[in-house]
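The values are calculated or read from the model by the stated rules, or taken from the named source; none is laboratory data. Bear in mind the structure is a predicted one, so any value in this text is a computation, not a measurement. Neighbour counts run over all protein chains shown; Cβ positions are idealised from the backbone, glycine included. Remember, those area values only see protein heavy atoms, side chains included, never the ligands or the DNA or RNA. Shrake-Rupley method; radii C 1.70, N 1.55, O 1.52, S 1.80 Å.
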Amino acid sequence: GPGGLVFDTAGSLYFSDGANFRIRMIDTNGIITTIAGTGAASFSGDGGPALAAAIRGGPLAFDSFGNLFFIDGVNNVIRVLDDTPPFGAFGTPFPAPNAHGWNNTSVSIPFTAGDTGAGVASTSPLSPLVLTTEGTAVSGVVTATDRAGNQASFTSPTVRIDTEGPVIKGMPKAGLSLWPPDGRMVHVATVTARDALSGVLPGSLLITGSSDEQPSAGQISITPNGTGGFDIRLQAQRSESGHGRTYTLTAQAQDLAGNSSTVTRSEERRVGKEC
């Protein structure tokens, strides 16, 4: 007959139905539900659904986490009916973000899971959680499952990831000709850098220029345009050898995540006709 009567915190009554080899519950509305046991007088089912387990029930008791323990007297074991999900915690993300709070590589976050009843069976994905998506608030979810089939999902701390360097725009196109070769300073480009995710590191945009002959102070002019970019002017004048002078321009920029971009126009910037 019934035995091992015990109440849970909600006021439902649990008891062992010894003659039928089951554990049942009577809720506060008087509804009876079978919560464990197949009705077979045997021993099986550990680590699986309670209703698929063969038991020989006895006295019952709840722990502070809400797990139901019972003495399976004929089988000489104490068994637990675990309906409490696992718990989990995230560790410190690695690598740590830079001084601006950004990472430019994937980020690994260790994860540990525990379970007060049947024990943890698996976590998905396995620890550590690896975050690779770019964004300003990147996070992931780990799902832990205990051996009784209870699951719980946990959302990681957010990180900021940017793996792409700034976009440099405005460099002169290849094969540019400056004509006529009258010594004028010709505006050839306004160069800017933009990074839509982490932003360009202030002051990191740098433009340099050179020519294929000994440069003079007046050959190349690179000046700030007042809005974060640079205006580039080149002198339209033949080289001393009489051939077209060749200019090489290089632009570099860095974003707040530490990514760098470099664009070099090493194609010829000739004075006179293209060739």
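What to note about this one:
- Selection from segment 108-138 of residues that are in contact (Cβ under 8 Å) with a residue 60 or more places away in the chain, in a strand (DSSP E or B) and open to solvent by 60 Å² or more (accessible area, probe 1.4 Å): 121, 136
- Residue count, segment 139-191 (criterion: part of a strand (DSSP E or B), free of Cβ contacts under 8 Å to residues at least 60 places away in the same chain and either over 30 Å from residue 46 (Cβ atoms) or among the hydroxyl-bearing types (Ser, Thr, Tyr) (or both)): 10
- Residues that are open to solvent by less than 70 Å² (accessible area, probe 1.4 Å) and touching a Gly at 6+ places or on another chain (Cβ under 8 Å) were ranked within segment 238-253; the one that is modelled with the highest pLDDT is 253.
- Some residue of segment 79-88 being closer than 30 Å to residue 197 by Cβ and part of a strand (DSSP E or B): yes
- Residue match in segment 254-263 (condition: at pLDDT 85 or above, buried (at least 16 other Cβ atoms within 10 Å of the Cβ) and on the phi > 0 side of the Ramachandran plot): yes
- Restricting attention to segment 131-155 and to residues that are among the polar types (S, T, N, Q) and over 30 Å from residue 49 (Cβ atoms), the residue that is farthest from the chain's Cα centre (by Cα) turns out to be 136.
- Qualifying residues in segment 161-180 (those that are buried (at least 19 other Cβ atoms within 10 Å of the Cβ) and either of a type outside the set (A, V, I, L, M, F, W, C) or at pLDDT below 85 (or both)) - the one farthest from residue 263 (Cα to Cα): 178
- Set side by side, the residues 75, 98 differ, and just one is at pLDDT below 90 and not in a strand (DSSP E or B), which is 75.
- Scope segment 25-65; condition part of a strand (DSSP E or B) and free of Cβ contacts under 8 Å to residues at least 12 places away in the same chain; matching residues: 32, 33, 44
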